[in-house]
1. Which residues, taken from region 89-106, are assigned to a helix (DSSP H, G or I), touching a helix residue (DSSP H, G or I) at 6+ places or on another chain (Cβ under 8 Å) and over 15 Å from Arg65 (Cβ atoms)?
2. Within region 106-135, can you find the residues that are touching a strand residue (DSSP E or B) at 6+ places or on another chain (Cβ under 6 Å) and either polar (S, T, N, Q) or free of Cβ contacts under 8 Å to residues at least 24 places away in the same chain (or both)?
3. Of everything in region 67-93, what is of a type in the set (Gly, Ala, Ser) and under 19 Å from Arg133 (Cβ atoms)? Give them in sequence order.
4. Go through region 76-85 residue by residue and tally those that are of a type in the set (Asp, Glu) and assigned to a helix (DSSP H, G or I).
Amino acid sequence: PALDTLREGNFEDIASLAPKRPTVVDMMGGEQRAAPAEMRQVSPRPQSARSPPGPHDQVTTLRVRLDAGERPLLLKMRFADTVGDLAKTVARHLKVSPDDFELRTAFPNRSYSDLAETLEAAGLVPNATLMLRKF
């Protein structure tokens with residue numbers, strides 16, 4: 001239930017007063033949730049408790065900046081996912097076609113148009129910030 005506060009004789013939703021936080025999309029579990037205000041630091045497991053590295057450990061974190069005023073999208077995807085998978089995920093979130101926008105990075109200044117290229121080959125690992133440019 002939404003929390004309300006009385007302001008100038010009218011009830012206001014407290015959530016509307018809070019600063020905007022990024023939206024997190026976890027591609028592994030498919031869940032979408034608001035990012036916490038502060039990220040907790042988790043100490044790594046001791047070396048003896050770690051499992052050997054495998055494909056499930058190769059996860060990149062991508063921040064996609066949307067239009068001004070909108071929350072950025074935080075995505076967790078596998079290194080082996082493609083730029084096309086990324087574009088489809090962003091398009092699904094925005095409820096548009098992947099052909100309606102392009103994904104770019106500022107440094108290096110590059111457009112990601114090869115939809116078959118893996119995120120690793122595109123240099124979007126272990127993390128990257130992309131900007132969405134609508135056509």
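1. Listed by number, the residues that qualify are Ala91, Pro98, Asp100.
2. Ser111, Thr118, Asn127, Thr129
3. Hits for region 67-93 are Ala68, Gly69, Gly84, Ala87, Ala91.
4. 1
The rows are residues; the columns are (1) at pLDDT below 95; (2) outside any helix (DSSP H, G or I); (3) small (Gly, Ala, Ser); (4) open to solvent by less than 70 Å² (accessible area, probe 1.4 Å).
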| position | (1), (2), (3), (4) |
| --- | --- |
| Pro52 | yes, yes, no, no |
| Leu62 | no, yes, no, yes |
| Leu74 | no, yes, no, yes |
| Ala87 | no, no, yes, yes |
| Pro108 | yes, yes, no, no |
| Asp114 | no, yes, no, no |
| Arg133 | yes, yes, no, no |
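The values are calculated or read from the model by the stated rules, or taken from the named source; none is laboratory data. Every value quoted in this text rests on a predicted model; they were computed, and no experiment measured them. Cβ coordinates were reconstructed from backbone atoms using ideal geometry, including for glycine residues, and neighbour counts include every protein chain displayed. Accessible surface areas use protein heavy atoms only, side chains included; no ligands, DNA or RNA. Shrake-Rupley method; radii C 1.70, N 1.55, O 1.52, S 1.80 Å.
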